Amino acid sequence: MVFSFLKGQFIDVIEWTDSSRDTMVYRFERYGNSIMYGAKLTVREGQMAVFIHEGQLADIFAPGLYMLETNNMPLMTALQHWDHGFNSPFKSEIYFVNMRRFAGLKWGTQNPVMLRDPEFGPLRLRAFGSYAIRVQDPAPFMREIVGTDGDFTQDKISGQIRNIVVQKVSRVLAASGIPALDMAANTKDLSDVVTKAIAPTLGEYGLEMPEFYIENISLPPEVEKVLDQRTSMGIVGDLNKFTQFSAAQAMQKAAEGGSDGGMGAGLGAGMGMGMGMAMAQGMGQPQASAGAAPPPPPPPAAEPMWHIAENGQTRGPFAQAQLAGQITRETLVWTEGQAGWLPAGDVPALARLFASMPPPPPPAG
């Protein structure tokens, strides 16, 4: 009578069907942690069942259908000192570990990565992408990560994994030596390097990363703006010819858009003749009128503008006169046409700034 009562009180079918899609570990709940001898354990594909007996990790079951008896629970039998069959409930916690791939997890660099670009010098980059994780070994995963959490979801570990990813990505990008403009063409190789660098750390937790993607590597907005200007200059080509073409278009619009048709036509014709003479001069052709006034002298060369690099940040541009009092001989400066960042004291064009600066004051006392 007593055994029949106990058998009716305890669950004799142990299984778990995951409907959440984000649960990594689920603890099978039952009254008093009591399991009947001969109970049926169903472990589905993509799962592993872990038995914890008196705080110790005991048997681990792969997918399949099991009758819980001494012959298929060797570690549990050793812990319980069972040397023969038993016919009474035993106490044990059962955790189902989801072994499937958890994909679509996001990562990104919250702070920019500092590196020394071979073309632009010191540079700040941001990167983001996605990854997937999977439990490779339930034993260290239970010991190192889950503990006694009976409802462990991917959100509880994604933050820790994201920190590991960002740390490795920062090191790989900084040490790659790949120019920033070429990184987009090398994201696959960079992703492979990051995956290999992360594998030992994740292995200690019983995890693996079957997928890792660098989806984008971006420059700071101010650098992108300058780069767009540089690209536009490359597309324009000969700036003089582009200026002449733009002026001709403007004159045509002025001639067509004037309220007085005759005046607009005359203005357009006059400006067109002047533009034609200027273009003829530019191409080395003689002017139509021998008594015309000589062409005006070319405008003075534009004053170089200087940029200053301090503490990983850039300031500028500044005119040369504005640099006085802002820089020392050791300050890194750059201007258009300069190969890279140089100490101000090594730039001949700035030598007179330091020649006119007073010496440091004598020591006090």
Lone qualifier among Leu207, Leu190 - being under 30 Å from Glu224 (Cα atoms) and either in the same structural domain as Asp22 (by TED's automatic domain parsing) or buried (at least 19 other Cβ atoms within 10 Å of the Cβ) (or both): Leu190
Regarding Arg134, is this residue at pLDDT 90 or above, within 23 Å of Ser20 (Cβ to Cβ) and assigned to a helix (DSSP H, G or I)? no
Close pairs (9 angstrom Cβ cut-off, 6 or more residues apart or separate chains): modelled with pLDDT under 80 in the stretch 14-32, charged (D, E, K, R) anywhere: Gly32/Lys91
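What residue, among those in the stretch 305-323 that are touching a strand residue (DSSP E or B) at 6+ places or on another chain (Cβ under 7 Å) and of a type in the set (A, V, I, L, M), is surrounded by the most Cβ atoms within 10 Å (Cβ to Cβ)? Break it down into steps so the answer makes sense when it comes.
To start, the set of residues in the stretch 305-323 that are touching a strand residue (DSSP E or B) at 6+ places or on another chain (Cβ under 7 Å) comprises 305-309, 312, 314-320, 323.
Applying the additional criterion that residues be of a type in the set (A, V, I, L, M) yields 305, 308-309, 319, 323.
Numbers: Met305: 14, Ile308: 19, Ala309: 16, Ala319: 11, Leu323: 17.
Among those that are touching a strand residue (DSSP E or B) at 6+ places or on another chain (Cβ under 7 Å) and of a type in the set (A, V, I, L, M), it is Ile308.
Does the stretch 199-206 contain at least one residue that is within 16 Å of the chain's Cα centre (by Cα), in contact (Cβ under 8 Å) with a residue 40 or more places away in the chain and not in a helix (DSSP H, G or I)?
no
Sort through Ile145, Ile214 and tell me the only one that's surrounded by 13 or more Cβ atoms within 10 Å (Cβ to Cβ) and closer than 30 Å to His53 by Cβ.
On the way: Ile214 fails: closer than 30 Å to His53 by Cβ.
From the options Ile145, Ile214, the qualifying one is Ile145.
Just to verify a result, which residue in the stretch 137-180, among those that are in a loop (DSSP other than H, G, I, E, B) and not β-branched (Val, Ile, Thr), is modelled with the highest pLDDT? Spell out how you get there, then give the answer.
Pass one, the stretch 137-180, residues in a loop (DSSP other than H, G, I, E, B): 137, 147-150, 154, 177-179.
Cutting the leftovers down to not β-branched (Val, Ile, Thr) gives us 137, 147, 149-150, 154, 177, 179.
Details: Asp137: 94, Gly147: 85, Asp149: 83, Gly150: 79, Gln154: 89, Gly177: 86, Pro179: 87.
Restricting to residues being in a loop (DSSP other than H, G, I, E, B) and not β-branched (Val, Ile, Thr), the top hit is Asp137.
Say we look at the stretch 297-336 and pick out the residues that are of a type in the set (Asp, Glu) and in a loop (DSSP other than H, G, I, E, B); which of these is farthest from Leu123 (Cα to Cα)?
Step one: of the stretch 297-336, the residues of a type in the set (Asp, Glu) are 303, 310, 330, 336.
If we keep only those that are in a loop (DSSP other than H, G, I, E, B) as well, we get 303, 330, 336.
Working: Glu303: 26, Glu330: 19, Glu336: 17 Å.
Checking each candidate, the answer is Glu303.
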Number of positions in the stretch 89-124 that are aliphatic (A, V, I, L, M) and at pLDDT 90 or above: 4
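The values are calculated or read from the model by the stated rules, or taken from the named source; none is laboratory data. From a predicted model like this one, the values you see are computed outputs, not experimental measurements. Cβ sites come from the backbone with ideal geometry, for glycine too, and all protein chains shown count toward neighbours.
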